[in-house]
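The values are calculated or read from the model by the stated rules, or taken from the named source; none is laboratory data. Predicted model, so just to flag it, every value in this text is computed and none were measured. Using ideal geometry, Cβ is built from the backbone for each residue, glycine included, and neighbour counts are taken over all protein chains shown. To get the accessible areas, we keep the full protein, side chains included, count just its heavy atoms, and leave off ligands, DNA and RNA. Shrake-Rupley method; radii C 1.70, N 1.55, O 1.52, S 1.80 Å.
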Amino acid sequence: MNQADSIAPAKTGIVLIATGKPYYINAAYNLALSLKCHSIETPIHLITDRVFDFLLDTQKFWFDSVKRISDLNPFQAKTQLYALSPFDRTLFLDVDMIWNPARSILECLDQLKNIPFTIANRGPITREWDWGNADEFKNHCKSSIVYNLSSEFIYFERSDQVKELFKHASEFYVTNSIISRRLGSYQPDEPSLSYALAKTGIVPHLIPFYPSFWVSNHQNTFVSDKEIQDKYWSVSMGGAQIDERIVKLYSRYAAIAGAALGVQPLPYMQKRLLVKERATT
């Protein structure tokens, strides 16, 4: 596998972003293992910075190509995935998740084939919206239906329409003045992608679409480990607080991947302990 700052030639692959804190590159390593244990051939392209150097060479091995960036924050980078991805078909995953050992990444990619663009989402934005005033945002988008997105899972195929979508997203991220909430010190990316969907008329292929289990989406409902295994492609560790049961599930999934590949995954640590600016979000 090539560790140079290079572009992978494959037509279909996975893109990960790990910048800023060692927490993210450690998580990217575990996620890479959980993907590679299903398909060693599916390339993983890592967008990173100095934190890549925290990994051992034997850990860097699991990334097929690496692109170092210094001028984009990780949320802004998501709005520029079209330019950053080397693939014709791209699956982007947030690194703070683990792939389900019972669900093949190849099966997932096969199901998504010929879908121009899709993204995890909770359906249309209602009056309750995490990032600001919903009515103000809809007016800005000039659309009565705007989607409440969750960008830990994004799939797209190259086309002029999808290129235009990312153009709108990257421009909104830089120029808008209506999104005031921050994650740590950064503007979130989801409003920019919601805006871009509205401007291009593209809609997610499923509404809502929950490819990853995230405990915050089920605050009033218990979901068993068996149901998670049967229903979801991955398990998200996003947010500052993660239930101990989900931490154990993550660790079990990582251990299964490590055993399959003959390597040792890294132990999970709570984000709030390692990324101080994300201690409450």
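Among the residues that make up segment 99-106, is at least one of them open to solvent by 20 Å² or more (accessible area, probe 1.4 Å), within 13 Å of the chain's Cα centre (by Cα) and not hydrophobic (A, V, I, L, M, F, W, C)?
No, because not a single residue in segment 99-106 is open to solvent by 20 Å² or more (accessible area, probe 1.4 Å), within 13 Å of the chain's Cα centre (by Cα) and not hydrophobic (A, V, I, L, M, F, W, C).
When residues of segment 50-88 are filtered for being of a type in the set (D, E, K, R) and either touching a Gly at 6+ places or on another chain (Cβ under 6 Å) or over 27 Å from residue 196 (Cα atoms) (or both), how many remain? Spell out the reasoning first.
Initial filter on segment 50-88 (of a type in the set (D, E, K, R)): 50, 53, 57, 60, 64, 67-68, 71, 78, 88.
This time we only want the ones that are either touching a Gly at 6+ places or on another chain (Cβ under 6 Å) or over 27 Å from residue 196 (Cα atoms) (or both), so: 50, 53, 57, 60, 64.
Looking only at that region, the number is 5.
Listed residues 181, 122, 158, 127; which is more than 22 Å from residue 92 (Cα to Cα), among the basic types (Lys, Arg) and under 21 Å from the mean Cα position of the chain (by Cα)?
The conditions single out 181.
Do we have any residue at all in segment 73-90 that's open to solvent by less than 30 Å² (accessible area, probe 1.4 Å) and modelled with pLDDT under 95?
yes
Which residue pairs have Cβ atoms closer than 6 Å, lie 6 or more positions apart in sequence or on different chains, and pair a first residue in segment 175-186 that is in a loop (DSSP other than H, G, I, E, B) with a second residue that is open to solvent by less than 40 Å² (accessible area, probe 1.4 Å)?
Close Cβ pairs (under 6 Å, with a partner that is open to solvent by less than 40 Å² (accessible area, probe 1.4 Å)) amount to 179/131; 179/132; 179/187; 179/191; 181/131; 184/278.
Can you tell me which condition residue 239 does not meet? The list is (1) modelled with pLDDT of 95 or more; (2) in contact with a Lys or Arg (Cβ under 9 Å, 6 or more places away or on another chain); (3) under 30 Å from residue 135 (Cβ atoms), and all the others hold.
It is condition (1) that residue 239 fails.
Check 231, 271, 248, 276 and return the single one that is at pLDDT 90 or above and farther than 21 Å from residue 118 by Cβ.
Answer to the check: 248.
Restricting attention to segment 32-86, which residues are assigned to a loop (DSSP other than H, G, I, E, B), in contact with a Pro (Cβ under 8 Å, 6 or more places away or on another chain) and hydrophobic (A, V, I, L, M, F, W, C)?
Across segment 32-86, the qualifying residue is only 37.
Looking at residue 134 and the list (1) open to solvent by 70 Å² or more (accessible area, probe 1.4 Å); (2) modelled with pLDDT under 95, which single condition is not satisfied?
(1)
Filter segment 229-248 down to the residues that are surrounded by fewer than 14 Cβ atoms within 10 Å (Cβ to Cβ) and assigned to a loop (DSSP other than H, G, I, E, B) and list them by number.
240, 241, 243 - these are the residues of segment 229-248 that are surrounded by fewer than 14 Cβ atoms within 10 Å (Cβ to Cβ) and assigned to a loop (DSSP other than H, G, I, E, B).
Can you tell me which residue in segment 200-228 is modelled with the lowest pLDDT, limited to those that are out of contact with any His (no Cβ under 9 Å at 6 or more places or on another chain) and part of a helix (DSSP H, G or I)?
So, considering only residues that are out of contact with any His (no Cβ under 9 Å at 6 or more places or on another chain) and part of a helix (DSSP H, G or I), the one modelled with the lowest pLDDT is 218.
In segment 7-31, what count of residues is obtained for those that are closer than 16 Å to residue 108 by Cβ, in a strand (DSSP E or B) and open to solvent by less than 10 Å² (accessible area, probe 1.4 Å)?
4
Does residue 156 satisfy being within 13 Å of residue 204 (Cα to Cα) and either buried (at least 20 other Cβ atoms within 10 Å of the Cβ) or at pLDDT below 95 (or both)?
Yes, satisfied.
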